[in-house]
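So the structure is just underneath, and the comments pick up after that.
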Amino acid sequence: MKNKNTNYSVQHALYLKKIKRNKIIVHAARALILVALIGLWELCAQVGIFDPFITSSPSRVVTTIADLFAAGTLFYHIGITLMETIVGFVIAVVLGYAIAVLLWLNEHARAIFEPYIVVLNALPKIALGPLIIIWMGTGYTAIIFMTILVSIIVCIMNMLAGFVAVDKTKQILMRSMGANKFTMLTKLIIPASLPAFMNTLKVAVGLAWIGSIMGEYIVSRAGLGYLIVYGGQVFRLDLVMAATFILCLLAGGMYAIVAIVERVVVKRRG
Amino acid sequence: MNLRFTDVSYTYHTLSGETKAVEHLSFEVEEGEFVSVIGPSGCGKSTILSLAAGLIAPSSGNIARGGGQFGYMLQTDALFPWRTVEQNIFLPLEIKRKNTPEMKRNALMLAEKYGLKDFLSKSPSQLSGGMRQRVALIRTLAAQPQTLLLDEPFSALDYQTRLAVCDDVHDIIKNEKKTALLVTHDISEAIALSDKVVVLSSRPARVVGEHEITFGGGSPKKRRECRDFAPLFETLRTELGI
């Protein structure tokens with residue numbers, strides 16, 4: 001338990017103050033860098049050092065987003081990409097976890113499938129793009145499939161590594177109590193590998209975004225990746241920058257959610 | 001007789017070859033007796049416990065078990081950090097499918113008796129090393145084993161905690177009238193705790209000496225103070241070849 005004592009000594013109060021001040025400095029510096037970069041970008045575009053046709057500018061990005069919103073398509077594109085990413089992410093994590101469990105349960109299967117997993121992991125998934133279009137069509141199923149493909153292998157490998165790394169002493173203890181493999185899994189392996197699971201979620205969330213945007217690059221009629229590709233093709237860099245900016249916010253937000261979930265889960269475990 | 005090894009040998013097989021861990025080993029543990037097995041490190045002491053628990057089968061020879069369950073206590077407390085102390089104590093009951101209200105009540109009574117009452121809802125991480133080891137012992141006792149197998153259960157503790165926990169565990173085991181087989185490399189620990197000490201050779205482990213200990217009246221602290229302690233220590237040392 002945290003010590004709730006507030007009768008700190010003067011030195012301790014100073015120490016806390018110093019920590020707090022350092023924290024403020026870091027946050028302030030972060031904000032300042034962002035504001036400076038955006039300001040400089042806007043300035044260069046206004047003054048004419050940059051050609052805004054090529055580089056766009058913060059004000060033009062804001063206008064573009066406002067236009068998309070006015071046209072009613074902003075949330076449509078965001079929704080499509082978000083749906084593809086989340087569905088792909090969830091399926092990849094659930095399926096990857098299940099496969100990792102099966103591989104953990106059966107050592108033979110682990111040995112047999114290992115080289116396949118390694119090759120699949122090394123393969124640049126975008127190479128499968130044409131195949132995916134032919135098999136899955138040009139709808140969002142293809143993009144979700146791409147998302148799963150990009151993130152599932154890491155889910156399998158991370159979780160399997162997490163399972164295998166569970167403390168051997170605890171496994172011996174379980175065996176000495178007469179636990180079978182299934183009990184071992186439910187009572188020890190799964191709870192003990194929770195930190196590995198949280199870590200897997202964090203990695204998978206990033207990969208899911210790569211998968212969905214990559215999928216939209218290959219084939220799509222809507223979504224943020226579509227806006228970026230379309231904007232690039234018709235040389236509307238405002239659109240490219242606006243979509244990229246929104247993407248930044250969404251990806252950061254989703255990662256933050258996972259990180260918060262992790263913190264809550266880890267805290268509850270004590 | 002509670003546990004008897006007769007001419008037991010065990011060989012490990014790995015790709016790089018085979019290792020004889022234990023060879024022609026014979027000894028006996030009587031009901032209610034506290035027996036320690038000491039030997040040089042790496043001599044296959046833990047193998048003996050795995051054999052006794054039936055986790056592995058002997059390559060040759062015979063191990064007779066005289067009824068009752070076995071409980072294993074390991075080098076580290078191996079408490080599950082995601083479970084409270086109480087849930088940790090219930091673990092063997094859940095695994096052995098014996099988590100009846102009666103068994104649970106018994107386990108809680110044990111916990112209470114040995115001073116864990118105020119810690120039941122705490123997480124193991126909030127406990128000191130000595131307290132954690134006590135929880136590990138109560139967890140082992142919860143399934144009501146007749147015999148306890150102790151694999152250097154104090155080796156992860158610092159010396160001062162170790163002395164205290166050593167006495168603590170001894171008293172609880174004696175109090176609950178359990179049979180115990182302890183493996184350790186610590187000579188003084190073996191003398192302080194046991195009714196009998198079995199000395200093993202280096203690998204492959206064979207018995208090189210057996211000593212019944214009667215002095216000191218059965219309390220580890222009194223044993224350590226007894227003047228028979230030092231001579232026996234020297235004898236065991238010689239037998240171990242140090």
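The values are calculated or read from the model by the stated rules, or taken from the named source; none is laboratory data. What you see is a predicted model, and the numbers here were worked out from it, not measured in a lab. Positions of Cβ are backbone-derived with ideal geometry, glycine not excepted, and every protein chain shown enters the neighbour counts.
Below is a table of values for the structure above.
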{"read-out": "Matching entry among A:131, A:149 (being part of a helix (DSSP H, G or I), assigned by TED's automatic domain parsing to the domain that holds residue A:201, crowded, with 17+ Cβ neighbours inside 10 Å and aliphatic (A, V, I, L, M))", "value": "A:149"}
{"read-out": "Odd one out for residue B:73 among (1) touching a residue at least 24 places away in the same chain (Cβ under 8 Å); (2) of a type outside the set (Gly, Ala, Ser); (3) out of contact with any strand residue (DSSP E or B) (no Cβ under 7 Å at 6 or more places or on another chain)", "value": "(3)"}
{"read-out": "Count - residues of region A:177-206 that are more than 28 Å from the chain's Cα centre (by Cα) and either facing another protein chain (nearest Cβ under 10 Å) or in a loop (DSSP other than H, G, I, E, B) (or both)", "value": "7"}
{"read-out": "Test set (1) among the acidic types (Asp, Glu); (2) facing chain A (nearest Cβ under 8 Å); (3) closer than 30 Å to residue B:234 by Cα - residue B:31 fails condition number", "value": "(2)"}
{"read-out": "Residue identified as at pLDDT below 90, under 15 Å from the mean Cα position of the chain (by Cα) and buried (at least 18 other Cβ atoms within 10 Å of the Cβ) among B:139, B:134", "value": "B:134"}
{"read-out": "Any hit, region A:22-35, residues being closer than 30 Å to residue B:121 by Cα, out of contact with any strand residue (DSSP E or B) (no Cβ under 8 Å at 6 or more places or on another chain) and not assigned by TED's automatic domain parsing to the domain that holds residue A:248", "value": "no"}
{"read-out": "Members of region A:21-65 found to be in contact with a helix residue (DSSP H, G or I) (Cβ under 9 Å, 6 or more places away or on another chain) and of a type in the set (A, V, I, L, M), listed by number", "value": "A:38, A:45, A:49, A:54, A:61, A:62, A:65"}
{"read-out": "Of all residues making up region B:34-67, the number that are closer than 29 Å to residue B:127 by Cβ, within 14 Å of chain A (Cβ to nearest Cβ) and not polar (S, T, N, Q)", "value": "4"}
{"read-out": "Any hit, region B:61-81, residues being aliphatic (A, V, I, L, M), at positive phi and either modelled with pLDDT of 90 or more or surrounded by fewer than 20 Cβ atoms within 10 Å (Cβ to Cβ) (or both)", "value": "yes"}
{"read-out": "Which numbered condition residue B:103 misses (of (1) more than 11 Å from chain A (Cβ to nearest Cβ); (2) under 22 Å from residue B:220 (Cβ atoms); (3) touching a residue at least 12 places away in the same chain (Cβ under 8 Å))", "value": "(2)"}
{"read-out": "Residue B:5 within 12 Å of another protein chain (Cβ to nearest Cβ) and touching a Leu at 6+ places or on another chain (Cβ under 8 Å)", "value": "no"}
{"read-out": "Matching option when the condition is more than 12 Å from chain B (Cβ to nearest Cβ), in a helix (DSSP H, G or I) and either more than 18 Å from residue A:254 (Cα to Cα) or at pLDDT below 95 (or both), among A:174, A:214", "value": "A:214"}
{"read-out": "Within region A:214-245, considering residues that are of a type in the set (Ser, Thr, Tyr) and surrounded by fewer than 22 Cβ atoms within 10 Å (Cβ to Cβ), the one nearest to residue A:60 (Cα to Cα)", "value": "A:244"}
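Residues checked against (1) in contact with a Ser or Thr (Cβ under 9 Å, 6 or more places away or on another chain); (2) at positive phi; (3) modelled with pLDDT under 85; (4) not in a helix (DSSP H, G or I):
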position: B:173; (1), (2), (3), (4): yes, no, no, no
position: B:203; (1), (2), (3), (4): yes, no, yes, yes
position: B:211; (1), (2), (3), (4): yes, no, no, yes
position: B:230; (1), (2), (3), (4): no, no, no, no
